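Trainee: Have a look at the structure that comes next, please.
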Amino acid sequence: MAKLNLCIKNCILFLIFDTMRIIKCLFWILWRVWFYVLMGIFIVIMLPFLVISILKEEWYPYFFVMARIWARGILLGLGCYYRIEREQELEEGKSYMLTANHTSMLDIMLMLAVIRNPFVFVGKKELVKIPLFGFFYKRTCILVDRSSPKSRHEVFERAQKRLKQGMSICIFPEGGVPDEAIVLDEFKDGAFRLAIEHQIPIVPITFGDNKKRMSYTFFSGGPGLLRAKVHHFIETKEKTLDDKKLLREETRNVILKQLEQFNP
């Protein structure tokens, strides 16, 4: 009798565990679908204004304002609230090189929420395939094909043009999203070369929770806090390309140290 009761108890526990796992999987599927639905809803609502704002390159600051509204709307709709710590404020009308760790699609939205000064993303061309989002992404961001040396050269030319227009540039210097087990991948040189050539400050930014909220692992994530920290700027005045490696490692160490503090 005791063995029967134990068997029944184990069966009930298994069913409860299995049911909970199914519920979790369903939540994660709905969570991902809702993310893309939200992206589409806000683009459709703002469509006329977005289309007008991309008709001329000099109208980009107006597009940027709407992109910030779009980003904050998505974060709110996902139940994600953000807390930003700023060690230094960006000056209006000044160009910067914005650099952050890259772990999630939410990185784009959070960067737009954090930074008020107009900037242009340098990002992978694969995101062009996302319906609606891809249409505007292609026309407002600097796209890079990492397998093509020609594409990398064109990225520098387009970034230089935007910097001359007084914009800032945002580059995720890991060059892509690293494996889940990697806290922070090695940085590529591109952002630091541009910063030195244009003598603009590098702004290290750490995102502490984006991977937890929406990583590139499908069955994961959920609503909650998104922490971000804007660190003291790293100056490039009087620096040369010979200092590129030092600036790269200094920026990476700042972000890595903060990640370790965020998630000890």
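The values are calculated or read from the model by the stated rules, or taken from the named source; none is laboratory data. As the structure is a prediction and not an experimental result, all values here were calculated from the model. Please note: Cβ atoms are built from the backbone with ideal geometry, for glycine as well, and neighbour counts cover all protein chains shown. With ligands, DNA and RNA removed, areas are computed over all heavy atoms of the protein, side chains included. Shrake-Rupley method; radii C 1.70, N 1.55, O 1.52, S 1.80 Å.
Trainee: Name every residue in the stretch 208-247 that is part of a helix (DSSP H, G or I), over 19 Å from the mean Cα position of the chain (by Cα) and surrounded by 18 or more Cβ atoms within 10 Å (Cβ to Cβ), in order of residue number.
Mentor: Correct list: LYS244, LEU247.
Trainee: Right, here's the next one. Test PRO173 against the criterion of being open to solvent by less than 10 Å² (accessible area, probe 1.4 Å), assigned to a loop (DSSP other than H, G, I, E, B) and either under 18 Å from GLY123 (Cα atoms) or in contact with a strand residue (DSSP E or B) (Cβ under 9 Å, 6 or more places away or on another chain) (or both), and give yes or no.
Mentor: yes
Trainee: Separate question: Report, ordered by the first and then the second residue, all pairs with beta carbons closer than 7 Å, sequence separation of six or more or different chains, a first member in the stretch 123-140 that is more than 19 Å from VAL177 (Cα to Cα) and in contact (Cβ under 8 Å) with a residue 12 or more places away in the chain, and a second member that is of a type outside the set (A, V, I, L, M, F, W, C) and surrounded by 16 or more Cβ atoms within 10 Å (Cβ to Cβ).
Mentor: Close Cβ pairs satisfying both conditions: THR140/TYR60.
Rundown of residues vs (1) at pLDDT 80 or above; (2) out of contact with any strand residue (DSSP E or B) (no Cβ under 6 Å at 6 or more places or on another chain); (3) open to solvent by less than 90 Å² (accessible area, probe 1.4 Å); (4) assigned to a helix (DSSP H, G or I), yes/no style:
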{"site": "ASN10", "(1), (2), (3), (4)": "no, yes, yes, yes"}
{"site": "PHE17", "(1), (2), (3), (4)": "no, yes, no, yes"}
{"site": "ILE29", "(1), (2), (3), (4)": "yes, yes, yes, yes"}
{"site": "VAL33", "(1), (2), (3), (4)": "yes, yes, yes, yes"}
{"site": "MET39", "(1), (2), (3), (4)": "yes, yes, yes, yes"}
{"site": "MET46", "(1), (2), (3), (4)": "yes, yes, yes, yes"}
{"site": "LEU55", "(1), (2), (3), (4)": "yes, yes, no, no"}
{"site": "TYR60", "(1), (2), (3), (4)": "yes, yes, yes, yes"}
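Trainee: OK, next. Does PHE187 satisfy being in contact with a Pro (Cβ under 8 Å, 6 or more places away or on another chain), assigned to a helix (DSSP H, G or I), among the aromatic types (Phe, Trp, Tyr) and over 28 Å from VAL33 (Cα atoms)?
Mentor: no
Trainee: Which of (1) hydroxyl-bearing (Ser, Thr, Tyr); (2) surrounded by 19 or more Cβ atoms within 10 Å (Cβ to Cβ); (3) in a helix (DSSP H, G or I) does THR99 not meet, given it meets every other one?
Mentor: All conditions pass for THR99, except number (3).
Trainee: Just to be sure I understand, how many residues within the stretch 156-170 are buried (at least 19 other Cβ atoms within 10 Å of the Cβ) and either free of Cβ contacts under 8 Å to residues at least 60 places away in the same chain or over 15 Å from the mean Cα position of the chain (by Cα) (or both)?
Mentor: Matching residues across the stretch 156-170 total 5.
Trainee: Exactly one of these conditions fails for LEU90: (1) part of a loop (DSSP other than H, G, I, E, B); (2) farther than 25 Å from GLU197 by Cα. Give me its number.
Mentor: Failing condition for LEU90: (2).
Trainee: Between residues in the stretch 77-94 that are among the acidic types (Asp, Glu) and residues that are part of a strand (DSSP E or B), which pairs lie under 6 Å by C-beta distance while being six or more apart or on different chains?
Mentor: GLU85/LYS229
Trainee: Further, regarding this structure: Please determine, by comparing only the residues of the stretch 62-92 that are among the charged types (D, E, K, R) and within 25 Å of ILE202 (Cβ to Cβ), which one is surrounded by the most Cβ atoms within 10 Å (Cβ to Cβ).
Mentor: Per the stated criteria, the residue is ARG68.
Trainee: Among (1) of a type in the set (A, V, I, L, M, F, W, C); (2) closer than 22 Å to PHE172 by Cα; (3) open to solvent by 10 Å² or more (accessible area, probe 1.4 Å), there is one condition CYS25 misses while meeting the rest; what is its number?
Mentor: Of the numbered conditions (1) of a type in the set (A, V, I, L, M, F, W, C); (2) closer than 22 Å to PHE172 by Cα; (3) open to solvent by 10 Å² or more (accessible area, probe 1.4 Å), the odd one out for CYS25 is (2).
Trainee: Could you check GLU260 against (1) in a loop (DSSP other than H, G, I, E, B); (2) open to solvent by 10 Å² or more (accessible area, probe 1.4 Å) and say which number it fails?
Mentor: Checking GLU260 against (1) in a loop (DSSP other than H, G, I, E, B); (2) open to solvent by 10 Å² or more (accessible area, probe 1.4 Å), the one that fails is (1).
Trainee: Here's a follow-up. Specify which of the listed residues (ILE196, ILE182) is without any contact (Cβ under 8 Å) to a residue 24 or more places away in the chain and either loosely packed, with under 14 Cβ neighbours inside 10 Å or more than 28 Å from ARG72 (Cβ to Cβ) (or both).
Mentor: Unique residue meeting the criteria: ILE182.
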